[in-house]
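Novice: The structure is given below, and queries will be raised subsequently.
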Amino acid sequence: MESVSQLKKPTPAELLDRAKRVGTEVAAVHAADVDARARFPKEAFDRLRAEGLLGAFVPEDLGGFGCKIDDLSAMCEALGQHCASTAMIFAMHQIQVACLVRHGLGSAFFRTYLTDLARRQVLIASVTSEVGVGGSMRTSICAVERQDGGVRLKKNATTISYGEAADDLLITCRRATDAAESDQVLVLGRRADCQLEKTSDWDTLGMRGTCSPGFVVTLAGPEDLVLPVPFADISSRTMVPVSHLLWSSLWLGIATAAVSRARAFVREDARRRPGTVPPTATRLAEVYSSLQSMRANVHDAAHECRELMDSPQGDEALSTVGFALKINNLKIAISQMAVQVIHQALLICGIAGYKNDSKFSVGRHLRDAHSAALMVGNDRIYATNASLLLVLKDD
Ligand SMILES: Cc1cc2nc3c(=O)[nH]c(=O)nc-3n(C[C@H](O)[C@H](O)[C@H](O)COP(=O)(O)OP(=O)(O)OC[C@H]3O[C@@H](n4cnc5c(N)ncnc54)[C@H](O)[C@@H]3O)c2cc1C
């Protein structure tokens, strides 16, 4: 069998087709069980690995597919239509890869690491949240300690999605023990250098397959593990825009799936009463218009992110006040609209949508979508936007 590293670079259409097939042939089949048992979607990740998709964003000269951010967005949207947990884990992994690709290529260590990631299809989890700072990503209590050419750190993380299934971690912490709480770096936690002690369980309303309990992470390893760029830059230029875009893409996918079920319900209703338009068809027209707005918003942001990332002045543009407001607003709008749209789909399907054992059920979609407003709390983002608007020069 051809190994992943030998696969020919797929076109964007081929990449999307692969993600769609993972969605329909694997993720959809196991989604209900993943949700019911709050278990890692292993089957979907085995297939994503076999398709080489975990290294999709790694540059071609390092053995990846060198795909663009809008390709990742389309893949997240496709996966989100079948299993939200699979799509969220895929998105979170790609966010970590994007940080390494866009800020680590100046380091020989990270070039080798990314080559290995593409070859072995390594899965990376994110450790930004911490007991004591809540969801404030730009604040850390834990700090890197340097000793005898090596680094150590200990972080009490509130939530690490797929912490047990991940191969490696990317951890935020203060640059040094005497650094300010916002003077952070990003540290690669290779599994062999880390110990994880689970501190809580993950029995939640939705996104159950992300398996995201708390852990105390202890790391000891070489100095090379610290990314050579301040986290402040990584955060504004990559982690925040890519997170908000990829999360929004998969939330759009969840909403699309719920509307598809509503559409199927209305069609079945219409077939039962030939020659009449069912009353639910008007509600369907209404929800379809909301879905179209969501789609336009996400696709426009994906296109803009790609253009900025491809342009020589992109890094500056990605960290302007204007763009930060725009991408924060995308996250807020799509996280709210996803829940509203799925709720409208529920009203269309009625009891058939409310039942878990019905082909029109949208219960899982609704539960999963409720996590969207919490993943970096919308109130926190509104507070950030309020400060940004005070200094916005022109719109
Ligand atoms: C499905 C899922 C997966 C996750 N995976 C990970 C992961 O892999 N790694 C990771 O590090 N984290 C992860 N998280 C955590 C996530 O990124 C956030 O850190 C976390 O959801 C925020 O937790 P919080 O609501 O307790 O914290 P906070 O953001 O501190 O919010 C607490 C409360 O305060 C309110 N609040 C906060 N700031 C303001 C303000 N300025 N004005 C008004 N109200 C405010 C909020 O609305 C909320 O009610 C995950 C979360 C979810 C839901």
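Novice: Return a whole-number percent for the relative contact order of the stretch 296-395, with Cα pairs under 8 Å and 6 or more residues apart as the contact set.
Specialist: After rounding, I find 25 percent.
Novice: Using the Kyte-Doolittle scale, which helices in the chain average at least 0.5 and also have C-alpha atoms spread 24 Å or more along the helix axis, with helices defined as whole DSSP H runs?
Specialist: Helices meeting the criterion: 84-103, 321-349.
Novice: Which residue, Leu284, Leu389, Asn329, has the largest displacement toward the positive end of the dipole of the stretch 244-395 when charges sit on each Cβ (Lys, Arg +1; Asp, Glu -1)?
Specialist: Leu284
Novice: Write down the accessible area per residue of the stretch 1-136 in Å², having rolled a 1.4 Å probe over the full set of protein chains.
Specialist: About 36 Å² of surface per residue is accessible.
Novice: Which of Thr115, Leu153, Leu170 sits closest to the plus end of the dipole of the stretch 100-181, meaning its Cα is farthest towards the positive end, when Lys and Arg get +1 and Asp and Glu get -1 on the C-beta?
Specialist: Of the options given, the answer is Thr115.
Novice: Now for a separate question. Per-residue counts of other Cβ atoms within 10 Å, averaged by peptide: what ranking do you get for 82-88, 18-24, highest first?
Specialist: 82-88, 18-24
Novice: Turning to a different aspect of this structure: Could you tell me which of the pairs Lys20/Lys68; Lys42/Lys331; Lys155/Lys326; Lys326/Lys393 are separated by over 22 angstrom between their Cα atoms in the structure shown? Provide the component values of the computation, followed by the final result.
Specialist: On the way: Lys20/Lys68 17 Å; Lys42/Lys331 28 Å; Lys155/Lys326 32 Å; Lys326/Lys393 14 Å.
Violating the 22 Å limit, Cα to Cα: Lys42/Lys331; Lys155/Lys326.
Novice: May I pose another question? If one computes the Cα centroid of the stretch 332-388 and of the stretch 165-222, what distance in Å separates the two points?
Specialist: The stretch 332-388 and the stretch 165-222 have Cα centres separated by 27 Å.
Novice: Which residues in the stretch 172-212 place their backbone N less than 18 Å from a point set 7 Å from the Cα of Asn356 along the Cα-to-Cβ direction?
Specialist: 202-211
Novice: Moving on. What residues of the stretch 348-369 lie in the reach of a label at Ala285, counting those whose backbone N is under 20 Å from a point 7 Å from the Cα along Cα→Cβ?
Specialist: Zone members listed by number: 348-350.
Novice: Ignoring any ligand, DNA or RNA, what whole percent of the accessible area of the chain comes from carbon and sulfur when the probe is 1.4 angstrom?
Specialist: Percent of accessible area from carbon and sulfur atoms in the chain: 52.
Novice: Now for a separate question. Over 26 Å apart: what share of the alpha carbon pairs of the chain falls there, rounded to a whole percent?
Specialist: 53 percent
Novice: If you don't mind, another one. Give the relative contact order (percent, whole number) for the chain; include only Cα pairs under 8 Å separated by 6+ residues.
Specialist: Relative CO of the chain lands at 16 percent.
Novice: Please compute the net charge surrounding Asp168, taking Lys and Arg as +1 and Asp and Glu as -1 over other residues with Cβ under 11 Å from its Cβ.
Specialist: For residues surrounding Asp168, the net value is 0.
Novice: In what sequence, highest mean first, do 260-266, 197-203 appear when ranked by Cβ atoms within 10 angstrom?
Specialist: Listed from highest to lowest mean packing, they are 260-266, 197-203.
Novice: Continuing with the same structure: Using θ = phi - 60° and the Karplus relation 6.51 cos²θ - 1.76 cosθ + 1.60, list the HN-Hα couplings for the stretch 220-227 in order, rounded to whole Hz, with x at every Gly or Pro.
Specialist: 3J(HN,Hα) across the stretch 220-227, in whole Hz: 9, x, x, 4, 4, 5, 8, 5.
Novice: Leaving ligands, DNA and RNA out of it, rank Arg237, Arg175 by accessible area with a 1.4 Å probe, largest first.
Specialist: Working: Arg237 55, Arg175 105 Å².
The ranking, largest first, comes out as Arg175, Arg237.
Novice: Sticking with the crude label model, points 7 Å out along Cα→Cβ, report the distance from Gln195 to Thr320 in nm, one decimal please.
Specialist: Rounded to a tenth, the inter-label distance reads 4.9 nm.
Novice: Given R₀ = 41 Å, what would the calculated FRET efficiency be for Asp203 paired with Thr276, taking r from the Cβ atoms and rounding to 0.05? The partial results should precede the final answer.
Specialist: Values: r = 45 Å, r/R0 = 1.11.
The pair Asp203/Thr276 has a calculated efficiency of 0.35.
Novice: In addition: Probe 1.4 Å, all protein chains in place: accessible area of Glu164 in Å², nearest 10?
Specialist: Looks like 130 Å² after rounding.
Novice: In the Gaussian network model of the chain, springs joining C-alpha atoms below 10 Å, which of Val216, Val287, Val277 carries the largest mean-square fluctuation?
Specialist: Val277
Novice: Pull out a ≥ b ≥ c, the square roots of the eigenvalues of the alpha-carbon gyration tensor of the stretch 38-139, then state rounded if a/c is under 1.5, prolate if not and a/b is larger than b/c, and oblate in the remaining case.
Specialist: Oblate, because a/c is 1.5 or more while a/b does not exceed b/c.
Novice: Which listed residue (Gly55, Met92, Cys76) has the Cα farthest towards the positive end of the charge dipole for the chain, taking +1 on Lys and Arg C-beta and -1 on Asp and Glu C-beta about the Cα centre?
Specialist: Towards the positive end, the residue furthest out is Cys76.
Novice: Starting from the Cα-Cα distance between Ser311 and Asp17, subtract it from 0.36 nm times their residue separation and give me the gain in nm to one decimal.
Specialist: 103.1 nm
Novice: Using packing as a proxy for protection, rank 55-61, 124-130, 317-323 so that the peptide with the highest average count of other Cβ atoms within 10 Å comes first.
Specialist: Order by mean packing, descending: 124-130, 55-61, 317-323.
The values are calculated or read from the model by the stated rules, or taken from the named source; none is laboratory data. Quantities reported herein were computed from a predicted structural model and do not represent experimental measurements. Note that each Cβ is placed from the backbone with ideal geometry, even for glycine, and that neighbours are counted across all protein chains shown. Each accessible area value is taken on the protein alone, full model and side chains, heavy atoms only, with ligands, DNA and RNA left out. Shrake-Rupley method; radii C 1.70, N 1.55, O 1.52, S 1.80 Å.
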